[in-house]
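Structure record follows, encoded as structure tokens.
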Amino acid sequence: MTSHASTSTSPVRRGAPGWLGRTGYVGLGGAVLIALLFGFVFVKGGYLLTVMQLAMIYGVFCVGLNFFMGYTGQASFGQNAFAAIGGYGSAILCVEYGLPPVLALLVAMAIAGVAAVVVGWPTLRLRGHYLAMATFALGLITYDVSVQWESLTKGYMGYAGIPPLGIGPFEVEDERAKLVCLMVILVFGLWVSGRLRNSRFGRALRAISTSEPGAAALGIRIPYYKLAAFVIAALYASVAGSLFAHVVGFISPEVFGLQMVVVTFTMLYVGGIGTVLGPAIGAIVASLLPEIVRSTGRFQDIAYALLLLGLLVYAPKGLSALSGLGRPRAAEPKPGS
Amino acid sequence: MALLEVRRLTKRFAGLTANNSIDLDVPEGCLFAVIGPNGAGKTTFFNMISGFMPPTDGTIAFAGETITGLRQDRIAAKGLVRTFQLVQLFKGLTVAENVEVGFHLATRGGVAAALARPSWFRRQEADVHARARELLGFVGLAGVADQDAELLPYGQQRLLEVARALAAKPRLLLLDEPAAGLNAHETDALAEVVQELNRKGTTVLLIEHDMALVTRIAHRIAVLDFGCKIAEGTPDEIKRHPDVIAAYLGTEEAAHA
Amino acid sequence: MPSLVELVQSLVNGVGIGLVYGLIAIGFCVIYNASGIVNFAQGVFVMLGGMFTHAMLIKLGWPLAVSALVSIVAVAGIGVLVQLAIVRPMWNRKAPLFAIILATLAVQLLIEQIVILTMGDQPRTYPDFTPGGPLKIGDIAISYQLFWILGCGALMVLLLTLFFNRTRAGRALRACSQNREAAALLGVPVDAMLMLSFALSAALGAAAGILITPTQYTAYGVGAPFGTNGFIAAIIGGFGSAPAALLGGVLLGVVQSGAIVVVGAGYKNVVALTILLVVLLFFPQGIFGGRGKKA
Ligand SMILES: Nc1ncnc2c1ncn2[C@@H]1O[C@H](COP(=O)(O)OP(=O)(O)OP(=O)(O)O)[C@@H](O)[C@H]1O
Ligand SMILES: [Mg+2]
């Protein structure tokens, strides 16, 4: 990896730090398994292709969320708001204003980014339950607006007829081609994530996640970095929302509702939060799990909720990677003590 | 003009005056120690100087500039860097990465640079890498550079925190009980590190309980008791000061009894 | 510009809904004070209260009082179940704050989906407790249900206050809230207290849901907005006493229904959430700093 060129000065630096977390070879094995799986899905086609496409889209979302929750150790329960901005932005810009999909995606991303700055600046000063509730509120507000503002969003009924991705006359219509396209985008997202993680910027984020006093004492502008991570997560979320709109061709408020929060957290948690590849692996694994038990729709949401609860209750150490949030309650160390 | 000038610094918590109108001057190049019994208000004093707690009253000037009420990172950027009584390591990071974070102020580049990796940025990262290892060598942690910081034994965690603070190139370094929990050997190593960096020009303000250590290395000592500065002077003056013997050594004996 | 009548009317409506928010807010406070946990699934108790009562009252034809009581007990039971199966194991393992919040959110999703599967996703309602009405004062209409809400709300706050001040269990719960470790050392069964707090808080939520359903409707998804509004009320009230939480709820309800007159009913939650964000913006520690700071 070019991003580790500079590490060559050190003889015993472990592999690529952070790409897989502590799971190391287990994770690597998982990656190989996923590659095989990919091949299988690709050859077999059919419904599994759709499942994989959604896994890639959720993967993009989770890789972004990982910036804020994994690297920086902050909780946001409202990142789905930015996915909704991306999704509706793409849909409206394409259908109403005839923008080409790629341009719509970029414009929606810019809107989501600006929204994240405006909203994040005051919100991120909060901590603990207040931060959780404020971010949760963002998601709820966006949901309500997308239901109520019917002239813009078509309300409950949702927005149909969104054109597929494409540049100029080339449209990605074939399901396999869509999957490849999404995979390329996800890999690019992972590359960005890896590069940032192992840089001055990423180190500052990760420092904040374990000790805010320690980071501040070394001159790290904590509000700035938290906001930056939040905005990056929002940009990824917006792209995921846009991709969903273009790939599925239909969006409704439900797509970006509470389920999205729970599903993406499950993925992040399954894959390994705070690592580079974890969110993508988690997205794939958690997308396939419900398919393996052959359940759909409502049962799928129930399966997610149960899976997540099981993990949270019986494998609480899995969350310790979220080191900043990993402090037990009531044990918030006093600054400077 | 002293490097750090503290005037009438006061901190009141509900029903408790943790710092009562403290005046203190730390001249440039000095190795200054603050001592006092448990709960005397030493950490509170540091917290206010480094911006982690707003003072109830009083002013703090650093290098002739008022820094009262500035945010922590602004104060750090001016060259006033601290360590913590309860170590504040970055646990998810390796030992070397902890020190690399210390170079934050001395380096630049954000998202764009990290993605594009222009040559100056690559050079800077390599440089940070090398210098982090140098610093780890300086405090005797070169052998564990690639370990997870949280796996270090306690004594080495303290040393790592010092190394990390040094990376920020402080003009004034505040050390809050850096020798707490260290064994005799580690304490000596630490003392040497502190004296060495002081000789190289870093002004040091040190909180310490270990009287023997303090009187050995400090140029000047201030004594806090119940939030008040009860004495200040050279180690010899302090050792003979009757109030200090009463307040400080008295409680020490009580604690040992 | 809305007329004076409209404004007064909205004020009256706001008091009604606000009292309900207040009851939910008290539910938040009870759990929070006993354990330091904010139960984000608080809203589903409200939803379940309305749904259960509807099922018994309309589908089974049971009398209202019986339906309401059975619903409250059943929802309290669900609260205990959530605590036993999920919150307690996590709490005992010192799971991070974020994980517990996430777990309560997952519980909310789980219960919502189960409700859809078993009871369907259609909104439903049942008539006011006392038929007839509304009471007309000039052009202002006051539905009889509002008096039920007022009466039951006041009664519950009174009972709660008595419970906390006069009974052993109540005092033990308060001891827990002040200092958990010390309470445990003094022999207060902290685990049992946590369970009690969930039962109480679920019962309060259910009661709120039962009271409010006749004035609007209930459906699987009403939990999240009710829960959030209750939390906002708790923040305004300062997470301290029951009357303060109730007052916080009324304040929120009135402002919200005033806003409805101006921007339309569809946006009432948006208005409340915006109020929350604004409150948090200007009072980042919560309105009543000290205590809420821990939240
Ligand atoms: N955030 C706070 N809120 C209330 N009281 C505090 C706070 N921080 C410190 N105190 C109180 O102020 C007094 C001084 O505390 P401080 O930590 O400054 O003492 P210290 O001299 O550093 O003691 P030690 O040697 O034990 O570290 C103590 O009584 C302490 O309980
Ligand atoms: Mg101290």
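All of the numbers you see were taken from the coordinates with simple rules; none came from a lab. Quick caveat: nothing in here was measured; it's all calculated off a predicted structure. Because the Cβ atoms are built from the backbone with ideal geometry, glycine has one as well, and the counts that use them run over all protein chains shown.
Shielding value for C:84-94 is 3, the average number of Cβ atoms from other chains within 10 Å of each residue's Cβ.
Size estimate for the protein assembly as shown follows the Kirkwood approach: the inverse of mean 1/r over distinct Cα pairs works out to 29.6 Å. Compute the longest continuous run of chain B that contains no exposed trypsin sites (Lys or Arg not before Pro); treat a site as exposed when its DSSP state is not H, G, I, E or B and it has at most 15 other Cβ atoms within 10 Å. Excluding the exposed sites themselves, the longest stretch runs over B:109-199. Here the range C:1-40 is scanned for amide nitrogen atoms under 17 Å from the site 7 Å beyond the Cα of C:Q216 along Cα-to-Cβ, giving C:10-26.
Going from the fewest other Cβ atoms within 10 Å to the most, the residues C:L276, C:L117 appear in the order C:L117, C:L276.
Order by neighbour count: C:S3, C:S67, C:S197, fewest other Cβ atoms within 10 Å first, most last.
Listing C:S3, C:S67, C:S197 from fewest to most nearby Cβ atoms yields C:S3, C:S67, C:S197.
Computed from the C-beta positions of A:L103 and B:A130, the FRET efficiency with R₀ = 56 Å rounds to 0.80. In sequence order, the range A:299-308 has phi-based couplings of 4, 5, 4, 5, 4, 4, 4, 5, 4, 4 Hz under the Karplus curve 6.51 cos²θ - 1.76 cosθ + 1.60, θ = phi - 60°, and Gly or Pro positions carry x.
Any idea what the alpha-carbon Rg over 2.2 N^0.38 Å comes to for the range A:46-259?
Numbers: Rg = 17.4 Å, N = 214, 2.2 N^0.38 = 16.9 Å.
Here the Cα radius of gyration is 1.03 times the empirical estimate.
Taking R0 as 41 Å, what FRET efficiency do you get between A:E173 and C:D121 from their Cβ-Cβ distance, rounded to the nearest 0.05?
Working: r = 33 Å, r/R0 = 0.81.
The formula returns an efficiency of 0.75 here.
Placing +1 on the Cβ of every Lys and Arg and -1 on the Cβ of every Asp and Glu, with nothing else charged, gives the protein assembly as shown a dipole about its Cα centre of roughly 280 debye.
The alpha carbon centroids of the range A:201-274 and the range B:90-146 are separated by 25 Å. Pairs with C-alpha atoms separated by more than 22 Å, drawn from the list A:K226/B:K91; B:K169/B:K200; B:K11/B:K169, are B:K11/B:K169. Between C:A175, C:A203, C:A141, the Gaussian network model of chain C with springs among Cα atoms under 10 angstrom shows the greatest mean-square fluctuation at C:A141. Between the amide H of B:L206 and those of B:F32, B:A33, B:V34, B:L175, distances stay under 5 Å, these residues lying 5 or more places away or on another chain, with hydrogens modeled in the peptide plane.
Compute the FRET efficiency between C:V263 and C:A65 as 1/(1 + (r/R0)^6), taking r as their Cβ-Cβ distance and R0 = 22 Å, and round to the nearest 0.05.
On the way: r = 38 Å, r/R0 = 1.74.
Working from the Cβ atoms, E equals 0.05.
The alpha carbons of chain B give a radius of gyration and a Dmax of 18.9, 64 Å, in that order.
Springs join every pair of Cα atoms under 10 Å in this Gaussian network model of chain C, and among C:T53, C:T274, C:T218 the largest mean-square fluctuation is at C:T274.
This model, with +1 at the C-beta of Lys and Arg and -1 at the C-beta of Asp and Glu, gives chain B a dipole about its Cα centre of some 940 debye.
Note on the protein assembly as shown: dipole from Cβ charges, positive end direction compared against A:A245, B:L4, C:I116; the farthest Cα belongs to C:I116.
Shown here is the pair-distance distribution of the range A:148-203: with all Cα-Cα distances grouped in 10 Å bins from zero up to the longest one, the shares run 19, 25, 26, 25, 6 percent.
Summing Cβ point charges (Lys, Arg +1; Asp, Glu -1) relative to the Cα centre of the range A:46-259 gives a dipole of roughly 1080 debye.
Hydrophobic long helices, here whole DSSP H runs in chain B with Kyte-Doolittle means of at least -1.0 and Cα atoms spread over 27 Å or more along the helix axis, are found at B:119-138.
Taking other Cβ within 10 Å of each residue's Cβ, how do C:H54, B:H104, A:H129 sort, fewest first?
Working: C:H54 21, B:H104 24, A:H129 27.
Starting with the residue having the fewest Cβ neighbours, the order is C:H54, B:H104, A:H129.
Express the Stokes-Einstein translational diffusion coefficient of the range C:4-282 in µm² s⁻¹, to the nearest whole number, given a Kirkwood radius over alpha-carbon pairs, 10 °C and a viscosity of 1.306 mPa s. Value of D from the Cα-based Kirkwood radius: 84 µm²/s.
Positive end of the dipole of the protein assembly as shown (Cβ unit charges, origin at the Cα centre): among A:P213, C:A192, A:Y58, the Cα lying farthest that way belongs to C:A192.
Trypsin sites (Lys or Arg not before Pro) within the range C:26-115: which are DSSP loop residues with at most 16 other Cβ atoms inside 10 Å?
Values: sites: C:K59, C:R93, C:K94; in loops: C:R93, C:K94.
Listed in order of number, the matching sites are C:R93, C:K94.
Build a GNM of chain C with springs between Cα atoms under 10 Å apart, and of C:I114, C:I31, C:I78 the one that fluctuates most is C:I114. Name the helices (complete DSSP H segments) of chain C with a Cα length along the long axis of 24 Å or more and a Kyte-Doolittle mean of at least 0.5, or state none. Both cut-offs are met by C:4-35, C:64-82, C:97-119, C:144-166, C:190-212, C:242-263.
Extension gain for C:A154 to C:L84 (0.36 nm times residue separation, less C-alpha to C-alpha distance): 22.2 nm.
Of the trypsin sites (Lys or Arg not before Pro) found in the range A:216-312, those in coil by DSSP whose Cβ has at most 13 other Cβ atoms within 10 Å are A:R294. Averaged across B:110-116, how many Cβ atoms of other chains sit within 10 Å of each residue's Cβ atom? Mean partner-chain Cβ count within 10 Å for B:110-116: 6.
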